[in-house]
């Protein structure tokens, strides 16, 4: 197979040694044999794969040292060797792979020191060396790896201090270092503005926690436990991380959130108490003096009145009573019932105003889960408000619990739930999402087919399909089945990035019969997109989601709607197969794609995309690939320059 460019055999139960004949696949660019059962040494013949960019031999039983031939692969970008029994010193040879971006040697038996020459790897974004027997100090030269995003060194035998040059890694997201590191936490770590995870637990760090750590804007996860830190926890840091486990097992550390008061705090409270007593005493004396003065003035005033009275005396009590009368008003202010928002605060009254009392003109879409409205608030914020149908049978506490759970499902290719509302009025239940200004995929495909100025070339179509696949793969990894994947449920943000919508709503409502049909298909999907077995069982599964994605992918590439074929004649899957079998490949493609040169790589890429769609629509659900595999295949469809997209198919959003 001389033309083979990708070999993915991961997740099998192979045994024995890896055949050296694999070195004869000279065109190989991706070699993935992860999670199999290979053992023995990694053959030196792998060094003959000069076009190799990705090498994944993780979670095997490989042992011994790495072959030096491996360090002569000029195009190597990803090396994953975690979970083996490899030994020897940390290979310095990787320093010569200037294109290297991902190096994972976690959970092996490597020893020695981290080579200083790793500082030459300017393109390196991930360096994972955890769970080995590496010793020595962290080399300062790692500060030259300016593209580094993840640095994992936990569970080794590293000593010394944290080098200050680490603060030069401006793109660093994760710093995980649990060894025998001593000294102080460098204040310069506050310069790592992109840092989201800082785990320095299980070291021998001493001194006080730098107050400026709290100024790292994106820091989400912090762990400083099991060290020798001392002094008071900075107040702002304690307010951001109020879990005591973050700071536990530091004998001389005090303050919130630990239940250990600092000596300075005790003195401060004592001074406050003394000041309070002094203020109360002084206030009492002043009040007593004022009362004496008031009584003296009152007696003089009454005496003067008696002297001025010519006849009937005037009662001072009555005058006092008249002066005491006033108007009695009531305060009916208040902001009204609040929507539960995960980031900001808005009220139900503001939402009524933003949607003009849910006016028909503000309706964005209609579906089985109610209407979606555009809400334009006075401060310029624009949101999408889904109003669930009245009379849903879900109890309010259950609704709130499920909404909170759905709000934690976050991915850049999903419409993220930002808040919710449940009564009063008792029938009103709302879900709040980000507003998607560029409509849905169905409208985009329709406009592109009319050729009215909208550009929808192959790279854009590929990016849309890949975004949908990544979003659906993330849902499946979260054990959520979509159940109704179709172009109407794919929305676009301001950058035309695809976002899946209409998922996870079954537990927030009850099944509503479709307006036009009461068939089983209406309960689990939409005619033309629903899998055949789901029609029979009336149950959506991950496999039926894959089928629906295949139909959507074929529609993206061919411009043909699945409902334009009559059931008696053929469906879109049979039509595509017929065109391929009869050699009428050009008739497959949307008119906007016919400008492709049949000799170009893009033409081949489109046909690969069509074949992925046919794999997804296999009649037997067992034969369909998982969405993770679909993402992998779609990423392999594009060998030309890629448009900007997510680097990680499962990267969350905030």
Residue among 433, 420 that is over 23 Å from residue 477 (Cα atoms) and touching a residue at least 40 places away in the same chain (Cβ under 8 Å): 420
Being under 29 Å from residue 537 (Cβ atoms), surrounded by fewer than 22 Cβ atoms within 10 Å (Cβ to Cβ) and touching a residue at least 40 places away in the same chain (Cβ under 8 Å) is the requirement here; does residue 457 meet it? no
Determine whether residue 404 is modelled with pLDDT under 85, exposed (fewer than 15 other Cβ atoms within 10 Å of the Cβ) and either in a loop (DSSP other than H, G, I, E, B) or not assigned by TED's automatic domain parsing to the domain that holds residue 480 (or both). no
Test result for residue 213, in contact with a strand residue (DSSP E or B) (Cβ under 7 Å, 6 or more places away or on another chain) and either surrounded by 15 or more Cβ atoms within 10 Å (Cβ to Cβ) or without any contact (Cβ under 8 Å) to a residue 24 or more places away in the chain (or both): no
Return the pair list, or none, for Cβ contacts closer than 7 Å from residues in region 342-364 that are over 24 Å from residue 439 (Cβ atoms) and assigned by TED's automatic domain parsing to the domain that holds residue 418 to residues that are part of a loop (DSSP other than H, G, I, E, B) and at pLDDT 85 or above, at least 6 apart or on different chains. 346/377; 350/377
Say whether the condition of being assigned by TED's automatic domain parsing to the domain that holds residue 159, surrounded by fewer than 18 Cβ atoms within 10 Å (Cβ to Cβ), under 25 Å from residue 176 (Cα atoms) and touching a residue at least 12 places away in the same chain (Cβ under 8 Å) is met by at least one residue in region 2-10. no
Of the residues 237, 287, 258, 275, which is more than 27 Å from residue 157 (Cα to Cα), out of contact with any strand residue (DSSP E or B) (no Cβ under 9 Å at 6 or more places or on another chain) and surrounded by 13 or more Cβ atoms within 10 Å (Cβ to Cβ)? 258
Failed item in (1) crowded, with 18+ Cβ neighbours inside 10 Å; (2) farther than 17 Å from residue 499 by Cβ; (3) touching a residue at least 60 places away in the same chain (Cβ under 8 Å), with residue 387 passing the rest: (3)
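The values are calculated or read from the model by the stated rules, or taken from the named source; none is laboratory data. Computed from a predicted structure; not experimentally measured. Cβ atoms come from the backbone with ideal geometry, glycine included; neighbour counts cover every protein chain shown.
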